[in-house]
Amino acid sequence: MKIDVLLGLQWGDEGKGKLIDVLAPKYDVIARFQGGPNAGHTLEFDGIKHVLHTIPSGIFREGKINIIGNGVVIDPVTFKREADALLKLGVDVKKRLWISRKAHLIMPSHRLLDAASEAAKGKTKIGSTLKGIGPAYMDKTGRNGLRVGDLERTDFKEVFSALLQKHAELLRFYDYRNNTPEELEEWLQGAEVLKQMTLIDGEYEINELLRSGKRILAEGAQGSLLDIDFGSYPFVTSSSTITAGACTGLGISPSQIGEVFGVFKAYCTRVGSGPFPTELEDATGELLRKNGNEFGSTTGRARRCGWLDLPALKYSIMLNGVTQLMMMKPDVLSGMDELKVCTAYNVHGKITERVPFDVVSNVPVPEYQVVKGWSENITAAKTVNDFPKQLTDYVQMIEKNVNVPISIVSVGPDRTQTLMR
Ligand code: GDP
Ligand code: IMO
Ligand code: MG
């Protein structure tokens, strides 16, 4: 058996959570491989709308195992909140969720360090979600971090205090406040709940599950254009958001990767700072934001909106080895007379399809192709045959350009609004 991977090809919020929930019945295991509570994955079904941050999006499906892999960073406070909310909805989290002992812990001080670092950057701030992601991964790669498995150590309180002490010095350097006793208490309560979960040696368990023929779907967070190596550095997140991240974030080999499902919106959005070549800072951008309800699932911030960017999409497809594309939210484009699609960049007068090294100080200027829009509301479409011709043309134009089939088109946020091609 191979592991299929589902991930975002743009700047996050493509609709990954919805699709994981839709595809979960075909799998035995759903495994998150990177990121942390900076993610907000929205699921809608039976009139319920639910946003998940750390817990994988297969959690609502009975009989499935959900795994939080070693590549993820976990904040016990948000974890407890999430688990409590699911318990209220009758979801037996303890039964359905396994957590890798090697996943790193987001310390209460990591959140403060995130805020202090952003404040110190001023105008050049990343626009982080302030969930402590950057500092937690810094401690991981700096070899100072604490992991979920450390909660089982008898001397946990001591190592926890020692790291807090180190962070207190850093916070002093930033002239930033320290954690309150209440914050520390809340964190320790969350850590206790986390410790009671099924903790596993994830790499062994996942390989064992594979050997025994179980079907596994790896769930990505963020998007390829926010990848620590290939995103618009430094305006990125701190983890490997691409397919390769599924290997290091779960403990599987590259030869075990099967299908790679690349999720993209029919247009583009971005939250936080950083270059966005096709951004629309006008009434059209406003319309996309309003029709697409483009406000962050985690922070509530307004998402920046713009046209579809094919050079960026091709870049992501290349990095991830995407085998199938899944297009989300074309319903948001209904009612627009014409749409623009960026097919190349103009970089210092040179037309190129490559994403240049320096996209930050020299944002590429898009070369647009104009295509016809459609007026029909498509949210009730039952098959892709119900689509207006212009939408079918739009889908085919993208497929032709990027040379990967689009196997799913989503026409609304609900589970049922998912059409196979
Ligand atoms: P994720 O982070 O990739 O899981 O995506 P988010 O949940 O942050 O953002 C996607 C948003 O779009 C959520 O509010 C979804 O409910 C919504 N959504 C997903 N697919 C569609 C779709 O096809 N059409 C519309 N209109 N909304 C969608
Ligand atoms: P999902 O999984 C959209 C963005 C932040 C910021 C940058 C760095 O829901 O698609 P961080 O907190 O990671 O240090 O912030 O990355 N960002 C996201 N944008 N969706 C996400 O996750 C994101 N996670 C982080 O807005 O620009
Ligand atoms: Mg999201």
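Nothing in this text is a laboratory measurement; each read-out follows from the coordinates by a stated rule. Source: prediction; values computed, not measured. Counting neighbours? That spans all protein chains shown, and the Cβs are built from the backbone with ideal geometry, glycine included.
Need one word for segment 1-74: rounded, prolate or oblate. Basis is the Cα gyration tensor (sqrt eigenvalues a ≥ b ≥ c); a/c below 1.5 gives rounded, then a/b vs b/c decides.
Because its axes are fairly even, with a/c under 1.5, segment 1-74 counts as rounded.
Return the sequence-ordered ³J(HN,Hα) values of segment 407-421 in whole Hz as given by the Karplus equation 6.51 cos²θ - 1.76 cosθ + 1.60 applied to θ = phi - 60°, using x for Gly and Pro.
These are the phi-based 3J(HN,Hα) values: 9, 9, 10, 9, 10, x, x, 6, 2, 6, 8, 10, 10, 8, 10 Hz.
Please list, in chain and number order, the residues 5+ apart from Trp307 or on another chain whose amide H is under 5 Å from its amide H, with Hs placed from the backbone.
Under 5 Å from the amide H of Trp307: Cys268, Leu280.
I need the peptides 73-79, 333-339, 220-226, 1-7 ranked by packing, meaning the mean over residues of other C-beta atoms within 10 angstrom, with the highest value on top.
Values: 73-79: 25.3, 333-339: 15.7, 220-226: 30.4, 1-7: 22.1.
Ranked from most to least packed, the peptides come out as 220-226, 73-79, 1-7, 333-339.
Treating the angle as unsigned and between 0 and 90°, give the value, to the nearest 10°, between the Cα long axis of helix 76-88 and the longest Cα principal axis of the chain.
70 degrees
Cut-off under 16 Å on the C-alpha distance; same-chain residues fewer than 8 positions from Lys350 excluded. Which aspartates and glutamates are left, in chain and number order?
Correct list for Lys350: Asp358, Glu367.
Just list whichever of Lys16/Lys88; Lys2/Lys214; Lys166/Lys195; Lys125/Lys290 have alpha carbons separated by over 18 Å in the model shown.
Exceeds cut-off: Lys16/Lys88; Lys166/Lys195; Lys125/Lys290.
In µm²/s, what is D for the chain at 25 °C and 0.890 mPa s, where D = kT/(6 pi eta Rh) by Stokes-Einstein and Rh is the Kirkwood radius from Cα pairs?
Answer, rounded: 112 µm²/s.
To the nearest 10 degrees, how steeply does helix 156-173 sit against the main Cα axis of the chain, on a 0 to 90 scale?
In the chain, helix 156-173 runs at an angle near 60 degrees to the longest axis.
Filter the chymotrypsin sites (Phe, Trp or Tyr not before Pro) in segment 344-391 to those in DSSP coil with at most 13 other Cβ atoms within 10 Å of their Cβ, and list the result. Numbers along the way, then the final one.
On the way: sites: Tyr345, Phe357, Tyr368, Trp374; in loops: Phe357, Trp374.
When the chymotrypsin sites (Phe, Trp or Tyr not before Pro) of segment 344-391 are filtered for loop state and at most 13 Cβ neighbours within 10 Å, Phe357 remain.
Relative contact order for the chain: what percent, with Cα pairs under 8 Å and sequence separation of 6 or more? Please report the intermediate quantities before stating the final value.
On the way: 931 pairs, mean separation 85.9, N = 421.
Rounded, it is 20 percent for the chain.
What do you get when you divide the Cα radius of gyration of segment 21-160 by 2.2 N^0.38 Å, with N the number of residues?
Compared with the compact-globule rule of thumb, segment 21-160 sits at 1.12.
Would you list which lysines come within 18 Å of Lys400, measuring only between C-alpha atoms, while excluding same-chain residues fewer than 8 positions from it?
Result set, ordered by chain and number: Lys265, Lys314, Lys340, Lys372, Lys389.
Report, to the nearest 10°, how far helix 108-121 tilts away from the longest principal axis of the Cα atoms in the chain, using its own Cα long axis and a range of 0 to 90°.
50 degrees
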